Amino acid sequence: MRKLNLSIILLLLALNLQAQYKLELGGSFGATNGYLVPLGNYVSQDKNIIIPSYSYQFTVGNSYSFKNNILNIDLSYIVKKNNKEFDNQKATYKYDYIILPIYYGIQKNKFTLNFGFTNNFSLKVKNVPSDFFIKKYNISLLLGSDYKINNRLSIKTDILHDITPYDNSYYYTSTKNTNGYFYMYNIMIGLKYAIIN
């Protein structure tokens, strides 16, 4: 995956000058949730409840347009919060990440359909138990859309879903132990403003 990322970046550097370049600043807000996939013979029998929380994101976006095709590489700072409840005890965990979305867009009139993936690099976590093995790097699938309000301002929606685990967790309760991989997903909506168009 890292080699693929490098290849895409090199491709952007070699783009024809006739391509339209756009630099955008954006912000998004949305909901976060997740689920645990037990490993081995561990079967989830008690209430491991994951309650939706919220996330927010700030983005610097780079895009190259060729007629109705758009190639995007963004740089984002995203904060994901997650509520988990074990044995009727609720805890809120906070994850700070730098993400590098790479995605392709197909534009028709004012709408653009986007699909690709994001590289997620962990910065820090807060209130997360020491036996949560947070991965420093993981990958998410990206599916989204843009709606152009005018030449500079757009509304952006994204769905981000982990395709590699966010962490490897060992949960212990009064009745059982659960060992598994934890996957997160986000539904985001926000605005983008082109400072170079």
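The values are calculated or read from the model by the stated rules, or taken from the named source; none is laboratory data. Computed from a prediction, not measured in an experiment: that's the story for all the values here. Cβ coordinates were reconstructed from backbone atoms using ideal geometry, including for glycine residues, and neighbour counts include every protein chain displayed.
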Does S169 qualify as being of a type in the set (S, T, Y) and modelled with pLDDT under 95? yes
Pair list, Cβ under 7 Å, 6 or more apart: the stretch 24-39 residue over 14 Å from I78 (Cα atoms), other residue among the basic types (K, R): E24/K192
Is it true that some residue in the stretch 91-103 is surrounded by 13 or more Cβ atoms within 10 Å (Cβ to Cβ), aliphatic (A, V, I, L, M) and more than 20 Å from Y185 (Cβ to Cβ)? no
Residue that is modelled with the highest pLDDT [pool: residues in the stretch 48-69 that are farther than 14 Å from K192 by Cβ and among the aliphatic types (A, V, I, L, M)]: I51
Please name all residue pairs, on different chains or six or more residues apart, with Cβ atoms under 7 Å, provided the first residue is in the stretch 76-90 and is more than 23 Å from K192 (Cα to Cα) and the second residue is at pLDDT below 85 and of a type in the set (S, T, N, Q). N83/T92; F86/N48; F86/T173; D87/T173; D87/S174; K90/N83
Looking at N72, N109 in this structure, which one is under 21 Å from Y193 (Cβ atoms) and free of Cβ contacts under 8 Å to residues at least 24 places away in the same chain? N109
